[in-house]
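Structure first, commentary second.
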Amino acid sequence: MAEYMTTKEASEKWDITERRINVLCKEGRIPGAYKENKRWVIPMNAVKPADKRLKGEHGVSLSEKKVTVKSGKKLPLPIGISDYRKASDEYYYVDKTLLIRDVIDERPLVSLFTRPRRFGKTLNMDMLRVFFERTEEDTSVYFRDKKIWACGKEYQKYQGKYPVIFVTFKDVKCEDWETAYDLIYKVLRNEFERHSELLSSDKISLYEKKYLTGLLQGEANENDVALAFLNLSRMLHIHYGTAPIIIIDEYDTPIQQGHVRGYYDKVIDFMRTLFSGGLKDNQHLSYGFLTGILRVAKESIFSGLNNIKVNSVLDNRYSEYFGFTPEEVQKMAEYYGASEKYDELCEWYDGYRFGKTEIFNPWSVIGYFNNECIPRAFWQSTGSNDIIGEVLGNATTETYEKLESLMQGKSFITRIDTGVIYPQLQNNQSSIYSFLLVTGYLKAVTNDQPFGDDYMCEVALPNKEISYVYSKEILSKFENVIPPSIANAIQEAIYTMDIPKLQNKLENFLMQTISFHDAANETFYHGLVLGLCAILDNQYNITSNREAGNGRFDIQMLPLNKKLPGILIELKAGKECTERKLNELAETALKQINDRRYLVEMGAQGVKDIIQYGIAFSGKSARVRAEIKSLHI
């Protein structure tokens, strides 16, 4: 009968840690090893696996990487890679390791980084984990050619010295609290299993081992699970003699889902206990790091946690470490042989300001190079916009007009609260701008802080990509204002130059909705038509209120395929107009397109046929005039 040994016995025999042996068993690198009662047992005659430390668990060594570079073969782009070891060792990596230096210099006990989605939060948190975490593998190899290592021994001495608790809640997007709680439990249980060396530790009490075993076997109650960070940090501190680091990525995803799906109070109560246990007055904590989109400070989720340092999009601290700086993008463009594309990159993906640092959207820059340098709104489909839809669904006319003005390239000053909380989004219309800023749909052109934690900011759209995303993701959220069936019918009429149908559909739509906009004026109608055009954005580049010819057109739809017709729309509005006056306004609008030569810009870009619309509104009435101009030479 085959003989087996425990992980502790294998640790003593092979002179490596139990934790490392658990990892090797999980990866299938010890033939014959299997789990028995949640613990690995190993054949007595098993051979110690070969040491891959110099090569890394992901297969490409630093020397191989250098050979790749010398051969002229370009490193692949890190599309969707959030594993630091893999990203830094196998792909083109933009070095953000000086974040480690700044954290060590500042020594904050708990840091919260709030940034929009897809700006490198998870990758940076995994970088911190790999740098600080105590493992059998020599993880210094992932930093020896990075900026942090060049800072000297003062910083190198921190590498690999701490036990680390690392969890991410990015996938906790559930319809109800029961399902969300079950998934949170599984996330925490997986992290406990990663530290299963504690089960055989002679420094951990039987009571603590019983708690650990119960949680691993799915027998812990909700109160025990809510104390997971506190209990695990204490056990790791006792076992290793060094207080651990706790890293919580995307901490606010379950909170957002709770708000949208109706279990907000339950998730807040649970998370408050979970985070407070691990981060508030915890003597078993060396550092704590959290990431999210919103600060959620006023939720009292961090109640009494006075040692937390919040790093928002308006703070200078750590501003260059999330997203790409202009210098980093220029270097990347040069590496991939696309230096001449830098201006286009700026137009589409630059424009963010974190603190005083100019920032590019990293997800979109990588997507641009991967798409043969053809610009697209890569950021558009990377996350849910349920909250935006909820807020804009109840937007006032004033809010609508301000958002529409952004599409015209304008800016405005508004009060910004970076601690905006989810319930405020329903009750306070002004909070919409705070939410749009912290989630990446606005940039702060300037900001002052005269009101304690609040700012007075001049806000605008960052770039062309967000202008596109705005029209697709935000204007299209006005579904209670613009039903999809009506929008599609109006768009079809515009595209086919069916004037009777267009006029009829516009009036039917106004009959249903104008009561919600008692103060309707030309700006309202402008935003209305712009929103109706938004869905055609996959075939047209839609711009508003831009200079062309001898004036500024209202709406221009430039076809991406020059075989399609271009569309120019000029709008007029009057109050209590007679039938005759309304027809005259429509004729005036159409005549203005010709008189001011608005079609010159599209003609210069190779568009051969242009449909011109003059549309006049008065209350619930609309009149349309149209003609087509051929620019064939």
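Checking the stated criteria, F275 turns out not to satisfy the condition of being touching a helix residue (DSSP H, G or I) at 6+ places or on another chain (Cβ under 6 Å) and either of a type outside the set (D, E) or under 18 Å from K38 (Cα atoms) (or both). Among helices (runs of 4 or more DSSP H) entirely within the range 33-126, having at least 2 residues that are farther than 24 Å from E327 by Cβ and at pLDDT 85 or above singles out 84-90. Quick check on the range 135-146. Is at least one of its residues within 17 Å of Y84 (Cα to Cα), hydrophobic (A, V, I, L, M, F, W, C) and in a loop (DSSP other than H, G, I, E, B)? Checking the range 135-146: at least one residue is within 17 Å of Y84 (Cα to Cα), hydrophobic (A, V, I, L, M, F, W, C) and in a loop (DSSP other than H, G, I, E, B). Selection of first residues in the range 276-305 that are closer than 19 Å to L227 by Cα and of second residues that are part of a loop (DSSP other than H, G, I, E, B) and at pLDDT 90 or above, restricted to Cβ pairs under 6 Å at least 6 apart or on distinct chains, gives the following pairs, ordered by first then second residue: G277/L227; H284/A243; L285/A243; S286/A243; L290/Y251.
The listed residues are D315, D343, and the only one of them that is closer than 30 Å to G278 by Cα and out of contact with any Leu (no Cβ under 7 Å at 6 or more places or on another chain) turns out to be D315. Report yes if K501 is part of a loop (DSSP other than H, G, I, E, B) and modelled with pLDDT of 70 or more, otherwise no. Here the answer is no, as K501 does not meet what is asked. Of all residue pairs spaced 6 or more apart or on separate chains, those with beta-carbon atoms under 6 Å, a first member in the range 611-633 that is at negative phi and a second member that is of a type in the set (F, W, Y) are F617/Y525; A626/Y613.
Residues that are surrounded by fewer than 17 Cβ atoms within 10 Å (Cβ to Cβ) and among the small types (G, A, S) are absent from the range 99-116 altogether. Here the helices (runs of 4 or more DSSP H) wholly within the range 352-467 that include at least 2 residues being modelled with pLDDT under 90 and not assigned by TED's automatic domain parsing to the domain that holds M332 are 386-393, 397-407, 424-427, 431-438. Within the range 582-589, is there a residue that is at pLDDT 85 or above, assigned by TED's automatic domain parsing to the domain that holds F553 and within 21 Å of Y495 (Cβ to Cβ)? Within the range 582-589, one or more residues are at pLDDT 85 or above, assigned by TED's automatic domain parsing to the domain that holds F553 and within 21 Å of Y495 (Cβ to Cβ). Among the residues of the range 149-161, those that are surrounded by fewer than 20 Cβ atoms within 10 Å (Cβ to Cβ) and either of a type in the set (V, I, T) or not in a helix (DSSP H, G or I) (or both) comprise G152, K157, Y158, G160, K161. Report, by residue number, each residue of the range 1-28 that is crowded, with 16+ Cβ neighbours inside 10 Å, among the acidic types (D, E) and closer than 15 Å to E193 by Cβ. Residue satisfying the conditions is E18 alone. Residues that are within 13 Å of R19 (Cβ to Cβ) and in contact (Cβ under 8 Å) with a residue 12 or more places away in the chain do not occur anywhere in the range 209-231.
The values are calculated or read from the model by the stated rules, or taken from the named source; none is laboratory data. None of the values given here were measured: they were computed from a predicted structure. As a convention, Cβ positions derive from the backbone with ideal geometry for all residues, glycine included, and neighbour counts pool all protein chains shown.
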